[in-house]
Structure formats: C-alpha cells, structure tokens
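Take a look at the structure below.
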Amino acid sequence: MLWPIDLIVLTFVIFCAVAAITVKDLLGTAILFSAYSFLMCLLWAVMGAVDVAFTEASVGAGVSTVFLVAAVFRTSRRTKD
Amino acid sequence: MKFLGFVIVCLTGGLLLYGTMDLPDWGDPASPASTHLSDYYIEHILEETRVPNLVTAVLADYRGYDTMFETAVVFCAGLACFLLLRDFRPKKDRYFRHIPTGVMLHVKNPEIRIIPGNEFEHMDREWVPSDRIIKTVCRILIPFIQIYALYVVAHGDFSPGGGFQGGVIFGSSLILMAISYNLKTLMKRVTEKFLSIFAATGVLIYVGLGVLAMIMGGRFLDYGMLAPLVPWDPGHIRALGMLGVEIGVGIAVMAVMVIIYVNIVSEGRHDEGL
Amino acid sequence: MTELVGLIVAKYNFWLYIILMMIGLYAMIAKNNLMKKLVGMNIFQTAIILFYVSIGYKHGATLPIIQGDHGGHGTHGAVIHAAEYINPLPHVLMLTAIVVSVATFGVAMALCVRVYRRYQTLEEDELRIRLSEK
C-alpha cells in the first residue's frame, strides 16, 4: 500500500472525529460521524480488508447514520457542548 | 470533570503509547498474529471448503458457532428495541386530507372514524408536501438496490460480501422507502408481523442447518454431513451450507434493521415518522 | 537518527490509532450530552477495530481471496503460500463486531428516545436535577 494515502486518510479521520464531538448541533454530529465512518471504510479498503470495508460502508456510513438522524428527529438537536 | 477527564485520557494514552514499543512493526509478515493459525487457514481453505473468499469461509464454517451467536445478538437487539419503545395506544389527534379539495382535517375526537381511501388521505403531523422527484427516483432505485443486496448475499463465497452486508443493504432499501414516501406506506407493505417472523426465521435457518447436520450424523454445523441431500454436487456441499447460513443471517439482519428504524423514528407507534 | 526514523515509520500508525481511541474515551467521559457520549463510544469502538484489522496487514500481500481457479475445483498443483495473502482472521472477528456494534447502537438510541420522552432532556446535568426533584 502507499503510505501517503494511509497517512492523509488517517489525518482526515482524526479531524472528523474531533469535529463530530465538538460541533454544537446533533444533526451536524450525525453527518460528520457518517463522514468519519466513510473515511474509515476507505482506510480499511487501502489496508486490504475488503469485507470489513464493505460492512463499514453499508453499516457505519449508512444505517447507523439513519438511526442517529431518526433519534435526533424524535429528541432534540440542542446540545450544550 | 472536563479537566479530570483530560488527565485520565492523557495518562491512558501515554500508557498505551508506551505499550506500542513492544508491538511488532506495522505490516510485518512475521508478526505472531500472522504466523500460527492464519497460515493454516490460508493454505488449506480452498481444498477443504472450495470457497475462494477466505473471510467468508472462516466466518461461516470454521467459526460458525461464533457467527450463530452474533446473529442471535442482532436478533436480541431488535427484540430489545421493540420491548423498549413499542406503544400500542392509538393517538388521539389525527390528521386527514380531503383529496378532491385539498382541505386538511384535524380530528380530535377518537369516536369519529374516517377510513382513508379515495376521498380521504392519512397525513403526518409534521407533514411536508411529498416531492414527486424524490418519490419517482426512489421508486426506480429501490428494486435495483434490492437486487444488488441479493447479489451480495449470493456471491459472498467468491467476492467481498455476505449475509451481514446483503441484509443491511436490503434493510436500507426498505428504510429508503419509508423516508421517500412515508412510514405508513412501508408498514402497509411490510407489516410488523412479517418483520418479526422474518427476524426469527433467519436465526432459525442458521440453527436449523446446524441441527440438520446433527441429524445426518455429524457434529453441530458440520456442513460436510449434508452431502446426501444434494447428490448432484457433493463436492461443493460446504460452500452450499455456507450459502444457506448466509441467507439466514441476511434475513435476520434485514428484518432487525427495519424493526429498529421503525421503532425509533415513530417512538413505537408505527404511524408517522421521518 | 536513522533508528528514530525507522521507529516512526514502523509505529506511527499505532500512535495515530491510540490518539483516535483517546478522542473517543474523552468524549465518553467529558461530554454532557448522551448522544455525544454514544458517538464517542462508537469512535472508540471503531479505533479498536482499526487496530485489530491493521494487525492482520502484511507488506507485499494481496487481498484474502484466493486468486485464479474461480470455480473452486481444488488446487491443481498451484501451491498457496501464506505470505501472499493478508491474514483473514482479524477481518472475520471485526466484521461481526461491526454488525453487533450497529445493533447495540440502535438499542442505545432507543434508550435515548425513551429517556427524552420521560425527562424532556438529554443533558446529563439537567437529567441529574430532574432525578433529584422526584
């Protein structure tokens, strides 16, 4: 594998993780978390774990975001931190 | 609390960073994780099971017992969501639209019964005008997503994919239907009874294949013993057994994903949602 | 100096995974909102899964799908070397872990909805006040 791709994607993953837990809007958290999952899936695909990447792309970036958005829809978008 | 948390995190992180010094180098082919058991798997799977995708073979055959209980965990999660949220009391406030005139009715008296049909249409409280573009695109897209999901399940032996992924993709196609139309449309086509039966059937197929192998004289989940059932192709019996198991997993996961989504988005009432 | 560079090249992936893990742990400890805590838990979980999958990686190896002979009629003379394929075992363990994680995430979301329905808040300090009022 190419180490620059690995390093760049890993940096983006860390940025997404920090943004997802600091943004003051839960809907924003949901979307950033989806981006985080998708970048993570990219990282696994680069690493050669195709099955795991496929699962993360469908589960993490798809269904788990939908659950989060559904829960935000039924509760509130407000968050203090 | 924030400061204390930061200190704890820094301490734990420091300890873990110190611990990485003892780990083998990244990507080292001679690391302990890749020298003992995995060598056996890589070298013997093709002759023993005739499945080229090593991950599927280990998942559904060598570690089949493990995967069976993972499926049971997913089933239990669906059950837990149902028990936590399901609410059978009907809502007092209902909203209808008179289709010919477009007038909206807000019904507060539970005694008044309006049957949705050609004249009246059921509506959500937070109703948005349904968009024709979204509906049409999703209606065209959903069958293709479902066929792709079936492809993923069926080709789990040869390419990346399998029961978990296929089931999740199929479930998300149904969730897409609920989002693009409304929840009532989905619950009319895929009823709650249907979903519950499917979730249980998936686990039952998995366990049933294991018990069938026991009845045929083998051990639990020993697919090789099922060979007399498919006399035309006994060589591929392990691959076929894995396919059966993957189908079971796919059905269970599909049903559970839809159950969890529907219960969360409608707070257990199954009437209106996103 | 070359020793240090060698150490960084060999280990920098693990260090970044640990940073990611600690971000998740910090969110679980210090954040006030229950949903944020759950997202932190998921980040922690994904970081551990990433660590596991990276253990199975080998330099110069290919995907864990046996090449050629697609119908699977046994291995006719072609000897399979273990060093040519990535270790499939961590992938198997983590694949099921991801699916179980989404199932538990769904249950956690259901609990959040339930908590909100009863106390009208998801903030931890407000929840503590509501609980002490009872």
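The values are calculated or read from the model by the stated rules, or taken from the named source; none is laboratory data. Not measured: the values here are computed from a predicted model. Neighbour counts run over all protein chains shown; Cβ positions are idealised from the backbone, glycine included.
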Single residue of B:250, B:273, B:241, B:202 found to be small (Gly, Ala, Ser), part of a loop (DSSP other than H, G, I, E, B) and surrounded by 20 or more Cβ atoms within 10 Å (Cβ to Cβ): B:273
Flag if residue C:38 is surrounded by fewer than 21 Cβ atoms within 10 Å (Cβ to Cβ), aliphatic (A, V, I, L, M) and over 13 Å from the mean Cα position of the chain (by Cα): no
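Looking only at residues in the stretch A:25-48 that are over 19 Å from residue C:44 (Cβ atoms) and part of a helix (DSSP H, G or I), which one is nearest to the other protein chains (Cβ to nearest Cβ)?
From the stretch A:25-48, those over 19 Å from residue C:44 (Cβ atoms) are A:25, A:27-28, A:31, A:42, A:45-48; that's our starting set.
In the following step, the residues that additionally are part of a helix (DSSP H, G or I) were identified as A:27-28, A:31, A:42, A:45-47.
Details: A:27: 10, A:28: 11, A:31: 12, A:42: 12, A:45: 10, A:46: 10, A:47: 5 Å.
For the stretch A:25-48, the residue satisfying everything is A:47.
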Are any residues in the stretch A:5-52 of a type in the set (Gly, Ala, Ser) and surrounded by 21 or more Cβ atoms within 10 Å (Cβ to Cβ), and if so, which ones? A:17, A:20, A:30, A:37, A:48, A:49
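So, of the residues in the stretch B:32-51 that are of a type in the set (Gly, Ala, Ser) and over 16 Å from residue B:63 (Cα atoms), which turns out to be surrounded by the most Cβ atoms within 10 Å (Cβ to Cβ)?
The first filter runs over the stretch B:32-51 and keeps only residues of a type in the set (Gly, Ala, Ser), leaving B:33-34, B:38.
Retained after the next criterion (residues that are over 16 Å from residue B:63 (Cα atoms)): B:33-34.
Values: B:33: 18, B:34: 27.
Among those residues, the one meeting the criterion is B:34.
May I ask you to verify whether residue B:256 is within 9 Å of another protein chain (Cβ to nearest Cβ) and over 14 Å from residue B:187 (Cβ atoms)?
Numbers: within 9 Å of another protein chain (Cβ to nearest Cβ): yes; over 14 Å from residue B:187 (Cβ atoms): yes.
For residue B:256, the condition - within 9 Å of another protein chain (Cβ to nearest Cβ) and over 14 Å from residue B:187 (Cβ atoms) - is met.
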Unique residue being in a loop (DSSP other than H, G, I, E, B), more than 30 Å from residue B:237 (Cβ to Cβ) and not aliphatic (A, V, I, L, M) when the list is B:96, B:194, B:144, B:88: B:88
Taking first residues from the stretch B:107-126 that are in contact (Cβ under 8 Å) with a residue 12 or more places away in the chain and closer than 19 Å to residue B:186 by Cα and second residues anywhere that are surrounded by 13 or more Cβ atoms within 10 Å (Cβ to Cβ) and polar (S, T, N, Q), the pairs with Cβ under 9 Å that are 6 or more apart or on different chains are B:122/B:182; B:123/B:182; B:124/B:182
Return the residues of the stretch A:29-69 that are touching a Leu at 6+ places or on another chain (Cβ under 6 Å) and among the hydrophobic types (A, V, I, L, M, F, W, C); say none if nothing qualifies. A:30, A:50, A:52
For the stretch C:117-134, give me each residue that is in contact with a helix residue (DSSP H, G or I) (Cβ under 6 Å, 6 or more places away or on another chain) and charged (D, E, K, R). C:130
In this structure, does residue B:162 turn out to be modelled with pLDDT under 95, surrounded by 24 or more Cβ atoms within 10 Å (Cβ to Cβ) and of a type in the set (Gly, Ala, Ser)? yes
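Restrict the check to the stretch B:129-141 and report whether at least one residue is within 30 Å of residue C:65 (Cα to Cα) and part of a helix (DSSP H, G or I). Break it down stepwise before answering.
So the first thing to find is which residues in the stretch B:129-141 are within 30 Å of residue C:65 (Cα to Cα), and the list is none.
No - not one qualifying residue is present in the stretch B:129-141.
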Do we find a residue being within 30 Å of residue B:177 (Cβ to Cβ), surrounded by 18 or more Cβ atoms within 10 Å (Cβ to Cβ) and not hydrophobic (A, V, I, L, M, F, W, C) anywhere in the stretch B:107-120? no
Any residue at all in the stretch B:152-165 that is within 14 Å of another protein chain (Cβ to nearest Cβ) and among the charged types (D, E, K, R)? yes
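Which of the residues spanning the stretch A:49-67 are of a type in the set (A, V, I, L, M) and more than 7 Å from every other protein chain (Cβ to nearest Cβ)?
Across the stretch A:49-67, the qualifying residues are A:53, A:57, A:61.
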When you scan the stretch B:41-60, how many residues do you find that are farther than 18 Å from residue B:166 by Cβ and either of a type in the set (D, E, K, R) or more than 7 Å from chain C (Cβ to nearest Cβ) (or both)? 7
Go through the stretch C:79-96 and report how many residues are farther than 16 Å from residue B:32 by Cβ and surrounded by fewer than 23 Cβ atoms within 10 Å (Cβ to Cβ). 5
Return the total of residues in the stretch B:171-191 being free of Cβ contacts under 8 Å to residues at least 24 places away in the same chain and in a helix (DSSP H, G or I). 3
Answer from B:125, B:94 - the residue that is more than 20 Å from residue C:99 (Cβ to Cβ), basic (Lys, Arg) and surrounded by 14 or more Cβ atoms within 10 Å (Cβ to Cβ): B:94
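Where in the stretch C:15-134 are there helices (runs of 4 or more DSSP H), lying wholly inside it, with at least 2 residues that are more than 8 Å from chain B (Cβ to nearest Cβ) and farther than 23 Å from residue A:57 by Cα?
On the way: elements: C:34-55, C:89-119, C:124-133.
So the answer is C:89-119, C:124-133.
May I ask you to say which residue of B:172, B:196 is within 20 Å of residue B:142 (Cα to Cα) and among the polar types (S, T, N, Q)? Show your work before the answer.
On the way: B:196 fails: within 20 Å of residue B:142 (Cα to Cα).
Sole residue among the options that is within 20 Å of residue B:142 (Cα to Cα) and among the polar types (S, T, N, Q): B:172.
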Which residues, counting only those in the stretch B:30-63, are over 18 Å from residue B:250 (Cβ atoms) and in a loop (DSSP other than H, G, I, E, B)? B:30, B:31, B:35, B:36, B:50, B:52
